[in-house]
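Reviewing the structure listed below.
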Amino acid sequence: MKYSIAILLPIFFVSISMAQFNSLAIPSPSISLGAYSQNQSDGYSFINNQAALTSIQCFGMAVCQEKMFNLSEINKVDAIVAIPTSLGNLGCSIGRKGFEGFSETNIGLAYARKLSSAISIGTQFNYYSFKIPSYFHSTTMNVEIGTMIHFSSKLTAGIHLYNPIKILVSSNEVRKLPYRYKFGVGYDVSNDFFISTEIVKQEDQAIDLIGGMQYQFDKRFFFKLGFMVENSSLFSSLGVLYKSIRVDALLRYHPHLGYSPGLLLSTHFKRT
Amino acid sequence: MRVLYVLFCLLGIGYPSFSQTELPAVAEQHIEQVVENSNDELLNDESYSQHLYELSKHPININTANREVLNELMMLSPLQIEYLLKYRQLLGDFISLYELQSVAHLDVYTIKKISPFITLSTQLRIKEVFKERMLQGDHVVLIRTSRVIEKSVGYETDSSVSSNHYLGSPWAVSIRYKYQYKNLLQYGISCDKDPGESIFTKNQQSGFDFYSAHLFIRKLGIIKSLAVGDYVVNLGQGLIQWQSLAFKKSSDLLASKRQSPILKPYQSFGEQNFHRGLGVTMGNKKWEATLFGSYRNVDANIVFDTMNVDEMHVSSFQNTGLHRTFSELADKHVQQQISFGGNVGFSNNKGHVGFNFMHYDWKLSLIKDSIPSNLFSLTGKTLSNCSVDYHYTYKNAHFFGETAICNNKSIATVNGLLMSVANGADIHFFYRNISRSYQSLQTNVFAENSTPVNEAGFFSALSIRPAYGWMIEAYTDFFKFPWLKYNVNGGSIGSEYLFKIIYKPSKVLYIYSSYKSSVKESNGTTNNTIELLPLTKLAHRAWRTQIEHKLSKSNVFRSRVELVWCNNASNTTEQGYLLYMDWIWKALKKPIGANVRVLFFETESYNSRLYAYENDVLFSSSIPVIYGKGVKYYFNVHFDVSKKLTCWAKWAQTTYFNQKTVGSGLDLINYNRKSECKMQVLYRF
């Protein structure tokens, strides 16, 4: 069973992540939706655009697990730490996906700072490891760059470049990390309600559109909902905040591949 | 304080106006959507435009109107109705229409939209109402006639050569008499003859092809409404019965939730979508019960058994209402239909729950062709459905839905949520899951399919007003059809998106631009009829921009440009465009008005067709399917001969540049043009 899943994995990745070795590189939109919000940005937002790190006011950490298409063999686990400093904000991410027959691992280190009250920039260096025991093992590094402009207290736009310098995982052209360019806009309709849209162009793929909304319908409850046009998939989450601990139940839906449930646990420590 | 507020609000709203011949712009757009989804050129249901016309003559008293009456207006969302009723309950009657601006979630845009149809006049006492019901209402006589000037093949075929020809003249004739006192009492009779149908001949000995009569009374003690004759029934969210006009996909929050009284009088010229018999709704403030029964003969395709001519069945119901040829006459009223149903409902300030049931009984068995896509279709001599519907308001959220089951135990459910998430921002979600074997008749649920069957989907919409005069609307819809459909040999998926931006900075300028994209799966093309190809994605994209500018009190200019891109089953891309300009003129202090349109269009085929709402004579809606290459113009004039008598006349002509004939089959015209004229007289006394 596991071997047959390992054979099918590339097919899944082609349809969802659109290249063979990039599924970890694509952030789950349901956890990083708040990147272009000035009110609802959180620790995970920098996964989407590193410039969003500048909105972090306090030390935060989070861990997320997603069981993609309800298959334990393609479990995805991510963890992040966001640290504000006087010289700019730092972020660190670690991720792993797969099982003993196939795995992808990623470690990223991000840095962001404000250039002015309206402009933020950020960058991230990633280390990747891809492993199929007794068959293939490769490591590589790449870079991401992001920038954001706050046009007003409600409207934010940004550009994000992932892997702008084409990096091959091995000498084989197929095993590559694709480049991806992204333009995003977010609008804080109110302190509680935020909408966002992103236009994504990834190597060898058609232009995709991601849209979503985030609503805090109570002091302790959060709701997110969004869609990805190209593969007609939906994502959503329902979050509960208790003191400084927040738990989000995640759910993604793909019309052919089914549901991907997940859980996000995050916390932050206010400065004293 | 309230008076001061009202005076302040006077600065915000201008005095509204409503032309006798024009629907509100939003209603026009909704009707365009209905037609686009049904691919039907004519909208047979005139009840909505008649209802708005009556409301313009006798506006709703906003201080006494209940939820049902406000629902029927079809311009207020459930949340807006809820907050309006709450405001009235807490603070008492409105002292001015301008005070409506202080109702939460009721924005200036909506108030302007409803203001021609509402008033604050005082309520009459019951005795006076009863007396006035009988004597003080309006009698309305309407006579309408129309025809296509160029005779089509169906009229020119020699009857001695072929029996397949139209038996009557190309003139369409419709006559209606109606008495109405507000919405409390109405009765009327209608008769209608479509083009090609004969009248007072041996083929049509009863005179007109269609007759309809109704008596409808509201508020008679515990009887909330009583229908005798022809009436329509609307239950729940439309899963088991919905015969009135219902809106289709739109970013407007009104679109998905079905809102209507259960019983309504039938007053259109359409020949299928109604019941004929008796219906009654009784109840008090919290409980309500409805029972109705109907017996009528309906059109159906009759099939005789080749082995035994006494054995016959029907293969489908006919919904066109056309009886122009011998073969169409052979299908007329061949199926006897008995139907009955009812509802028991409980409502309070916050919510409602209702139990509904519906049953059909036919004389002839319905047997469909044995093809895979018909495997779960309605067959047999009976159909029963029952359902539970609800709505509930909690703070700024309004939940609603219906779950139904039919007699083969298949289930369908639809559930929605409307939320006002911020000042000037509303969101809307709607989920439907309808079994492939769910069966129903005369239903209209908010879904991609025209009937509720074989579909699961999730619709979400957003409407925000970021600044005065600006409105942004968007929706997405993801859907899948688990079983085969016509021309789709497999389970399929699809999606649809719309983004619309509206700019209405003042009473004189209205601009909107929208981009709509949809992808559905369909059979690919192949020369090999045995080969089964994978489904092909059919993409359709349309960009529309419309500008309306009121140059003066008597002159309005409107212009639209629309571009369409789509790919067909052989995966080639097609394009189409439409451009029109309208001039709407109403003479000041003179009883005459007119509107003129010039429309240019070019599409590569029927696939890239376009739709555009046309101003027509009062109550009549025209949304022609536009394809090919050519130009169309029309002018529409109305003249108030006296306070009681109004006349309309319309002339329209379409000229095609790249074809020598228009239409197909018996409707084929051997010219490159099609000219239509329509005349209508309305006498109100």
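The values are calculated or read from the model by the stated rules, or taken from the named source; none is laboratory data. Source: prediction; values computed, not measured. Neighbour counts run over all protein chains shown; Cβ positions are idealised from the backbone, glycine included. Note: accessible area is taken over every heavy atom of the protein model, side chains too, but ligands, DNA and RNA are not part of it. Shrake-Rupley method; radii C 1.70, N 1.55, O 1.52, S 1.80 Å.
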Inset, instruction - Please tell me if A:V200 is more than 14 Å from chain B (Cβ to nearest Cβ) and at pLDDT 90 or above. - result: yes
Inset, instruction - Would you check which residues across segment B:144-187 are touching a strand residue (DSSP E or B) at 6+ places or on another chain (Cβ under 8 Å), part of a loop (DSSP other than H, G, I, E, B) and closer than 30 Å to B:N61 by Cα and list them? - result: B:N183, B:L184
Inset, instruction - Output the number of the condition that B:G354 fails; it satisfies all remaining conditions of (1) surrounded by 15 or more Cβ atoms within 10 Å (Cβ to Cβ); (2) within 25 Å of the chain's Cα centre (by Cα); (3) under 23 Å from B:N203 (Cβ atoms). - result: (3)
Legend entry - One residue from A:I210, A:I195 being within 16 Å of the chain's Cα centre (by Cα), within 14 Å of chain B (Cβ to nearest Cβ) and either under 22 Å from A:T156 (Cβ atoms) or open to solvent by less than 50 Å² (accessible area, probe 1.4 Å) (or both): A:I210
Legend entry - Number of the exception - B:G494 against (1) within 13 Å of chain A (Cβ to nearest Cβ); (2) surrounded by fewer than 20 Cβ atoms within 10 Å (Cβ to Cβ): (2)
Inset, instruction - Restrict the check to segment B:540-560 and report whether at least one residue is within 14 Å of another protein chain (Cβ to nearest Cβ), within 30 Å of A:Q214 (Cα to Cα) and open to solvent by less than 40 Å² (accessible area, probe 1.4 Å). - result: no
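May I ask you to say which residue of A:T123, A:T85, A:T105 is farther than 19 Å from A:S266 by Cα, among the hydroxyl-bearing types (S, T, Y), open to solvent by 10 Å² or more (accessible area, probe 1.4 Å) and more than 16 Å from the chain's Cα centre (by Cα)?
On the way: A:T123 fails: more than 16 Å from the chain's Cα centre (by Cα); A:T105 fails: more than 16 Å from the chain's Cα centre (by Cα).
From the options A:T123, A:T85, A:T105, the qualifying one is A:T85.
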Inset, instruction - Would you mind finding the one in A:Y187, A:Y181 that is within 12 Å of chain B (Cβ to nearest Cβ), at pLDDT 90 or above, open to solvent by 40 Å² or more (accessible area, probe 1.4 Å) and part of a strand (DSSP E or B)? - result: A:Y187
Inset, instruction - Kindly provide the set of residues from segment B:417-470 that are part of a loop (DSSP other than H, G, I, E, B), of a type in the set (A, V, I, L, M, F, W, C) and more than 11 Å from chain A (Cβ to nearest Cβ), ordered by number. - result: B:L441, B:V445, B:F446, B:A447, B:V453
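For segment B:72-108: of the residues being among the β-branched types (V, I, T) and at pLDDT below 80, which is most open to solvent (accessible area, probe 1.4 Å)? Write out each step before concluding.
Restricting attention to segment B:72-108, the residues satisfying the condition of being among the β-branched types (V, I, T) are B:81, B:95, B:103, B:108.
Then drop every residue that is not at pLDDT below 80, which leaves B:95, B:108.
Details: B:I95: 95, B:V108: 37 Å².
That would be B:I95.
Being part of a strand (DSSP E or B) and acidic (D, E), is that true of even one residue in segment B:530-546?
The first filter runs over segment B:530-546 and keeps only residues part of a strand (DSSP E or B), leaving B:536-546.
Add one more test, that the residue is acidic (D, E), and what stays is none.
Within segment B:530-546, none of the residues are part of a strand (DSSP E or B) and acidic (D, E).
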Inset, instruction - Could you list all residues from segment A:202-242 that are touching a helix residue (DSSP H, G or I) at 6+ places or on another chain (Cβ under 7 Å) and part of a loop (DSSP other than H, G, I, E, B)? - result: A:N231
Inset, instruction - Determine, yes or no, whether B:S347 is polar (S, T, N, Q), in contact (Cβ under 8 Å) with a residue 60 or more places away in the chain and more than 14 Å from every other protein chain (Cβ to nearest Cβ). - result: yes
Inset, instruction - Looking only at segment B:471-487, count how many residues are in a strand (DSSP E or B) and away from chain A (no Cβ under 14 Å). - result: 1
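Can you confirm whether A:F130 is surrounded by 15 or more Cβ atoms within 10 Å (Cβ to Cβ), hydrophobic (A, V, I, L, M, F, W, C), in contact with an Asp or Glu (Cβ under 6 Å, 6 or more places away or on another chain) and at pLDDT below 95? Steps first, answer last, please.
Working: surrounded by 15 or more Cβ atoms within 10 Å (Cβ to Cβ): yes; hydrophobic (A, V, I, L, M, F, W, C): yes; in contact with an Asp or Glu (Cβ under 6 Å, 6 or more places away or on another chain): yes; at pLDDT below 95: yes.
Judged against the criteria, A:F130 is a match.
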Inset, instruction - Kindly check whether there is at least one residue in segment B:181-188 that is in contact (Cβ under 8 Å) with a residue 12 or more places away in the chain and under 15 Å from B:E328 (Cβ atoms). - result: no
Inset, instruction - Identify all residues within segment B:324-365 that are in contact with a Ser or Thr (Cβ under 7 Å, 6 or more places away or on another chain) and under 30 Å from B:G154 (Cα atoms); write none if there are none. - result: B:F326
Legend entry - Matching residues in segment B:207-250 - criterion: being crowded, with 20+ Cβ neighbours inside 10 Å, assigned to a loop (DSSP other than H, G, I, E, B) and modelled with pLDDT under 90: B:S244, B:L245, B:A246, B:F247, B:K248, B:K249, B:S250
Legend entry - segment A:251-272 - residue that is free of Cβ contacts under 8 Å to residues at least 40 places away in the same chain and facing another protein chain (nearest Cβ under 10 Å) and, of those, farthest from the chain's Cα centre (by Cα): A:P255
Legend entry - Subset of segment B:155-181 (residues that are under 24 Å from the mean Cα position of the chain (by Cα), more than 18 Å from B:Y53 (Cα to Cα) and among the aliphatic types (A, V, I, L, M)): B:A172, B:V173
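Please go through segment A:234-250 and pick out each residue that is within 14 Å of chain B (Cβ to nearest Cβ) and without any contact (Cβ under 8 Å) to a residue 24 or more places away in the chain. Walk me through it before giving the result.
Quick first cut of segment A:234-250, residues within 14 Å of chain B (Cβ to nearest Cβ) only: A:234-236, A:238.
Of everything in segment A:234-250, those that are within 14 Å of chain B (Cβ to nearest Cβ) and without any contact (Cβ under 8 Å) to a residue 24 or more places away in the chain turn out to be A:L234, A:L238.
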Inset, instruction - Exactly one condition in (1) open to solvent by less than 60 Å² (accessible area, probe 1.4 Å); (2) within 18 Å of B:S420 (Cβ to Cβ); (3) more than 10 Å from every other protein chain (Cβ to nearest Cβ) is not met by A:F221; state its number. - result: (1)
Inset, instruction - Take segment B:357-390 and flag every residue that is open to solvent by 30 Å² or more (accessible area, probe 1.4 Å) and closer than 29 Å to B:F430 by Cα. - result: B:F357, B:H359, B:S373, B:N374, B:L375, B:F376, B:S384, B:C386, B:V388, B:Y390
